[in-house]
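**Q** Here you go, one structure.
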Amino acid sequence: MATLASSSSVLLSSPPSKFSQPSLSSIPRLSLPSFSHSTALSSSLSISPSFLTYPTSSKRFALSALSVKASAAEKKKVLIVNTNSGGHAVIGFYFAKELLGSGHEVTILTVGEEGSDKMKKPPFNRFSEIVSAGGRTVWGNPADVGKAVGGATFDVVLDNNGKDLDAVRPVIDWAKSSGVKQFLFISSAGIYKATDEPPHVEGDAVKADAGHVGVEKYIAEVFGVWAVFRPQYMIGSGNNKDCEEWFFDRIVRDRPVPIPGSGMQLTNISHVKDLSSMLTLAVEKPEAASRNIFNCVSDRAVTLDGIAKLCAQAAGRPVNIVHYDPKAVGIDAKKAFPFRNMHFYAEPRAAKDILGWRGKTNLPEDLKERFDEYVRIGRDKKPIQFEIDDKILESLKVPVAV
């Protein structure tokens, strides 16, 4: 039988960091079982006490960098190489606006052609906001950055496009040969190995075969001043990847919300404004940020059940949560649910300690903003098929109102 959720939403805050002993033993951690798509519990995995295996002077909190104070008054010329698909595209959009608001010069190079159908979708259809704020928008092939930007020079380059070295190496090599002073890269918190000791913190073991890891290593070899950012799930107007919308789709249609596992798995959702403010601090404090990796995330966790309940609260509707075992039902949870069926929760400890960053994400308020936009664009009235949901609910013998 289906189990209806009765637990309350869970939001957890990260504990304050201590600088006296920058070691694994000094970092408070939350011990919880980790889940996977195929098994109820994952096996234990080792945590690397070093920051990364490739050459870098960074440690878990890079204490030596804390005394460096960069002047925010120094204006920079920044190039953002932006992806044309996926959830990360919105990072470049907000980062550009944040930089322009702080007085920096910004060019955003988007992969592909300006006239493509992809550019009719958010955040690309809002690029006029960047132009009206004084920014420049261009399109082209990152493999030939110099041609795409017309020979312009920059102080800082952010690659928010490539997921492997083949895609990013041309940008890194061009930036180095063009005299770029600082290179930033949007990686992913998904490269961390699963752990029985969440949350993920900077310095935890990563998957050696992940494409982002190869890029991180190469940047560290080529550039003297660099920083890497590992985001998780994001929320914010202009995001073109379903996250909260998945829950709204079911809640507004009075359908059960099927969540794999217990629903108590922890994850992290950040407002993209917080991510862009972290990136901007790295631009304005280059020496402090240099040779460091930052979890580009909120400092609060939320359970999967909690997300459903907060989405229902934002919509002003009740929610019927149904839990299921993907293996027993015979479905792939990756295709049936927008979040990982496991504890997937990182903390932004390095950003707080090194950059002095503080997040402003307020998930209940952010979800209300997102629901208002969801209704404004008419998605609440859009016909949607729920084939996978129906298979899950049929297996559990849960009725669905027509």
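The values are calculated or read from the model by the stated rules, or taken from the named source; none is laboratory data. A quick note: this is a predicted structure, and the numbers were derived from the prediction, not measured. Cβ placement follows ideal geometry from the backbone for every residue including glycine, while neighbour counts extend to all protein chains displayed. SASA here: full protein model, heavy atoms, side chains in, ligands and nucleic acids out. Shrake-Rupley method; radii C 1.70, N 1.55, O 1.52, S 1.80 Å.
**Q** What is the packing order of peptides 240-250, 255-265, 122-132, taking the mean over residues of other C-beta atoms within 10 Å and listing the highest first? Before the final figure, lay out the partial values.
**A** Numbers: 240-250: 18.8, 255-265: 22.5, 122-132: 15.9.
So the order, starting with the most tightly packed, is 255-265, 240-250, 122-132.
**Q** Separation between the Ser128 and Val375 pseudo-spin-labels, each 7 Å from Cα along Cα→Cβ, expressed in nm?
**A** Each label point is offset 7 Å from its Cα along the Cβ direction, giving 2.6 nm.
**Q** Around Thr83, what is the net charge, scoring Lys/Arg as +1 and Asp/Glu as -1 over all other residues with Cβ under 12 Å from its Cβ?
**A** Numbers: positive: Lys118, Lys163, Lys241; negative: Asp159.
Charge balance in the 12 Å sphere: +2.
**Q** Binning at 10 Å from 0, report for segment 235-310 what percent of all alpha-carbon pair distances ends up in each bin.
**A** All Cα pairs, binned at 10 Å, distribute as 16, 37, 27, 14, 5, 0 percent.
**Q** Turning to a different aspect of this structure: Give me the accessible area per residue for segment 124-183, probe 1.4 Å, as a whole number in Å². Working shown, then result.
**A** On the way: 2730 Å² over 60 residues.
Per residue, segment 124-183 has 45 Å² of solvent-accessible surface.
**Q** For Val111, what is the net charge nearby, where nearby means another residue's Cβ is under 13 Å from its Cβ and Lys, Arg count +1, Asp, Glu -1? Could you put the intermediate results ahead of the total?
**A** Working: positive: Lys118, Lys163; negative: Glu113, Glu114, Asp144, Asp159.
Combined, the nearby Lys, Arg, Asp and Glu give -2.
**Q** Please state the relative contact order of segment 138-293 as a whole percent: Cα pairs under 8 Å, 6+ residues apart? Can you show the working numbers first?
**A** Numbers: 187 pairs, mean separation 34.5, N = 156.
Relative CO of segment 138-293 lands at 22 percent.
**Q** Using the per-residue mean of other Cβ atoms lying within 10 Å as a proxy for protection, in what order, highest first, do the peptides 89-100, 183-194 fall? Spell out each step's value before the answer.
**A** Working: 89-100: 24.8, 183-194: 21.7.
Ranking, from highest mean packing down: 89-100, 183-194.
**Q** Could you work out the per residue convex hull volume over the alpha carbons of segment 273-387, in cubic angstrom? Working shown, then result.
**A** Details: hull volume 16.4 nm³, N = 115.
Cα convex hull per residue, to the nearest whole number: 143 Å³.
**Q** Sticking with this one: First check a/c for segment 331-395, with a ≥ b ≥ c the square roots of the eigenvalues of its C-alpha gyration tensor; if it is under 1.5, answer rounded, and if not, answer prolate when a/b is larger than b/c or oblate otherwise. Don't skip to the answer; put the middle values down first.
**A** Values: a/c = 4.29, a/b = 1.53, b/c = 2.81.
Oblate.
**Q** Over segment 149-288, what percent of the accessible surface lies on carbon and sulfur atoms, probe 1.4 Å? Walk me through the numbers before you get to the answer.
**A** On the way: 1890 of 3880 Å².
C and S atoms contribute 49 percent here.
**Q** What does the highest-first list of 232-238, 306-312, 394-400, 334-340 look like by mean Cβ count within 10 Å?
**A** Numbers: 232-238: 21.4, 306-312: 24.6, 394-400: 13.7, 334-340: 17.1.
My ranking of the peptides, most packed first, is 306-312, 232-238, 334-340, 394-400.
**Q** What per residue convex hull volume, in Å³, do the alpha-carbon atoms of segment 193-333 yield? Let's see the in-between values first.
**A** Details: hull volume 20.9 nm³, N = 141.
Cα-based convex hull of segment 193-333, divided per residue, equals 148 Å³.
**Q** Can you check what the net charge comes to around Phe223, using other residues whose Cβ is under 15 Å from the Cβ of Phe223 (Lys, Arg +1; Asp, Glu -1)?
**A** Values: positive: Arg169, Lys176, Lys181, Lys217, Arg291; negative: Asp155, Asp159, Asp173, Glu216, Glu221, Glu287.
Once all neighbours under 15 Å are counted, the net charge is -1.
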